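Below is one structure, written out as structure tokens, with a few remarks after it.
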């Protein structure tokens, strides 16, 4: 996925463009004034789009192959997917799954301004697992509306933060850990917001396998690979257990989660880098935080202060004072 900035009053050019960046679709409108403005910013496997459609744009589209989460700011959207998809009508403040990744769909955009978060379906399996079986199913969303207003608000805040972080910036950090951490954070937010087939409660087998030896192997793997792009699924695979077993082992024996332990380990590396850095060479706290996958500066500062009793800025400044 690549960033872009598209502006057009040609329905034909708009159809060609949207078919190229989303999926093959056909557009129609009853008006001659058909201006649309679409911008996209990219962070790793995430795309963050803002669309401003100034007319009634009807569309019929083929399956898109990706997860699209839509947040409406103004105007309205009517959407139906096939087969057997209920028609949905959405307005300002609404958050919804635009369409299942494997369904064709149609609808009308009514003079709307809205954001779209696009991510690959496989990202969900990096942060959760479906029910076990002979043929393991991949994690997928099962409904298009949030499980609660609070969950929807949380995801909208995450989308807004990422948009503000990358919007129109040519210097947006694309470090592997920064991008992957942001992607996993958003993927977990999507799973917490929409119903899915993810299984969170451990099975009998999970409980049996969540012993100290599992924890020791997982801790060793994290310690050795904290500088690389790893997910909870990668850690579980490395120690040959399910994600649920891994999570239970950390909760049972360390009262934490695998990803919390990974963040703590990366925080220790960031602290070591700040201690070793020479502030006169232009090293910044933001650069160190980004290098170790912390995509929210204020949270990095807060977490660092809780762990070390001082701000990262103080460590960088005072160590070489």
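Rule-based calculations on the coordinates, nothing more; no lab input. Keep in mind the model is a prediction, meaning the values are calculated, not measured. Here Cβ is always computed from backbone atoms with ideal geometry, including for glycine, and neighbour counts include all displayed protein chains.
Values as computed for the structure displayed
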read-out: Kirkwood-type radius of the chain, with distances r between different C-alpha atoms, in Å; value: 21.6 Å
read-out: Segment 4-121 pair-distance distribution - Cα-Cα, 10 Å bins, rounded %; value: 14, 50, 34, 2
read-out: For segment 262-318: Kirkwood Rh in Å [reciprocal of mean 1/r, alpha carbons]; value: 11.0 Å
read-out: Cα→Cβ-extended label distance, 7 Å offset, between residue 111 and residue 2, nm; value: 3.5 nm
read-out: Point-to-point label distance, residue 153-residue 86, nm (Cα→Cβ direction, 7 Å offset); value: 2.4 nm
read-out: Segment 4-121: relative contact order as a whole-number percent, Cα under 8 Å and 6+ apart; value: 29 percent
read-out: Mean Cα-pair separation over length for segment 262-318, i.e. relative contact order, pairs under 8 Å, 6 or more apart, %; value: 38 percent
read-out: Euclidean distance between Cα centres, segment 29-59 to segment 221-280, Å; value: 39 Å
read-out: Relative contact order of the chain, defined on C-alpha pairs under 8 angstrom at six or more residues apart (%); value: 14 percent
read-out: For segment 220-304, the Rg and Dmax computed from alpha carbons only, in angstrom; value: 14.6, 47
read-out: Mean ellipticity per residue at 222 nm, deg cm²/dmol - from DSSP H runs of n ≥ 4 across the chain, formula -39500 (n - 2.57); value: -12500 deg cm²/dmol
